[in-house]
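The structure appears below as structure tokens.
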Amino acid sequence: MEEEIKQENHETQNEITKEELLEKLSNLEKEYEAQKERCLKLESLLRVSNEKLVSLQKELEQLKEHYRKEREHLKKYGHESMVKDMLDVIDNFERAIAQFGNMESLDQNTKNILLGIDMIYKDLKNILKKHGVEELELKGQIFDPTIAEAVDTIQDDNLGPDEIAEVITKGYRLYDKVIRAGRVVVNVAREEIT
């Protein structure tokens, strides 16, 4: 009889163990589903975060490129305003030098002053050239409104139509940008009378 009681106790323990196991299994399945759902949410969050990261990296690269171009532009053209002001000084030097005409008729002191003015003028032009400023060669060229402004016209059969006959004010370019259009006189063709 003792064996039967032991066997019944053992079976009861086994049945409890099975119920406990089933309950534990059920709890584990619920936990697994909860963790699985949490993983899916984390994967979704990770995907969105990665997309944002890629987008921000592209934006950063675009900003870097924009600022690089802006720095280059400032380095190249940042002194444009000062250069334009200096062109007026160049014009005044040219007018002063032209006023003296023939140096042979001048006394030595005046010649020395004029030579000094000419040296300063040439030094100033060399400095501007070193910083990318070039004088536009306009006389004898076909008129181009992007680099010159026609202030007058003439009719000369010795010149071609739209040829620049005279430069009133020189034009200048800073690297590839016209910073002052030349003021010119343009030849126009005579109209034929029919």
Check: Here are 84, 58: which of them is within 26 Å of residue 178 (Cβ to Cβ) and surrounded by 10 or more Cβ atoms within 10 Å (Cβ to Cβ)?
Finding: 84
Notebook entry, point to check: Is it the case that residue 127 is assigned to a helix (DSSP H, G or I), modelled with pLDDT of 90 or more, open to solvent by 50 Å² or more (accessible area, probe 1.4 Å) and closer than 28 Å to residue 74 by Cβ?
Noted result: yes
Notebook entry, point to check: For the subset of segment 87-106 comprising residues that are open to solvent by 80 Å² or more (accessible area, probe 1.4 Å) and assigned to a helix (DSSP H, G or I), which member is nearest to residue 178 (Cα to Cα)?
Noted result: 88
Checklist line | From 179, 147, 97, 127, residue being of a type in the set (Val, Ile, Thr) and over 30 Å from the mean Cα position of the chain (by Cα) | finding: 97
Next item on the list: Scan segment 59-87 and report the pairs whose first residue is within 29 Å of residue 130 (Cβ to Cβ) and whose second residue is open to solvent by less than 70 Å² (accessible area, probe 1.4 Å) and of a type in the set (Val, Ile, Thr), with Cβ atoms within less than 7 Å and a gap of 6+ or a chain change.
Entry: 80/179; 83/133; 83/179; 84/179
Next item on the list: Filter segment 145-163 down to residues that are assigned to a loop (DSSP other than H, G, I, E, B) and hydrophobic (A, V, I, L, M, F, W, C), then give me how many there are.
Entry: 2
Next item on the list: Mind listing whichever residues of segment 164-194 are exposed (fewer than 14 other Cβ atoms within 10 Å of the Cβ) and not in a strand (DSSP E or B)?
Entry: 175, 176, 189, 190, 191, 192, 193, 194
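The values are calculated or read from the model by the stated rules, or taken from the named source; none is laboratory data. Keep in mind that this is a model prediction, so the values were computed, not measured. Cβ sites come from the backbone with ideal geometry, for glycine too, and all protein chains shown count toward neighbours. Note: areas computed on protein heavy atoms with side chains; ligands, DNA, RNA excluded. Shrake-Rupley method; radii C 1.70, N 1.55, O 1.52, S 1.80 Å.
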